[in-house]
Amino acid sequence: MAPTDSTDRITFWQDHVTAWQVSDLTQKAYCEQQELRYSTFGYWVRKLRRAAEPATKKKGAGFVPVIPATV
């Protein structure tokens, strides 16, 4: 069961994602072995990947220049 404190929860899932990556198991097999909910595990894999992306690759990062048309 995952911890309820926000920091502990992130650490809990980061540890599981790291362990899965080195395990050579599929996500589903890892979840069955560790008795984790597959959909929740997938959510955290995506969430942690997005958090690790550089800010320039994230949608909505930065400003888009607006150049007014001349009439």
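Points to keep in mind about this one:
- Some residue of segment 37-57 being in contact with an Asp or Glu (Cβ under 9 Å, 6 or more places away or on another chain) and either at pLDDT 85 or above or assigned to a helix (DSSP H, G or I) (or both): yes
- Residue in segment 1-24 that is loosely packed, with under 11 Cβ neighbours inside 10 Å, modelled with pLDDT of 95 or more and of a type outside the set (Asp, Glu) present: yes
The values are calculated or read from the model by the stated rules, or taken from the named source; none is laboratory data. Treat the numbers as computed from the prediction; the structure is a model and nothing was measured. Using ideal geometry, Cβ is built from the backbone for each residue, glycine included, and neighbour counts are taken over all protein chains shown.
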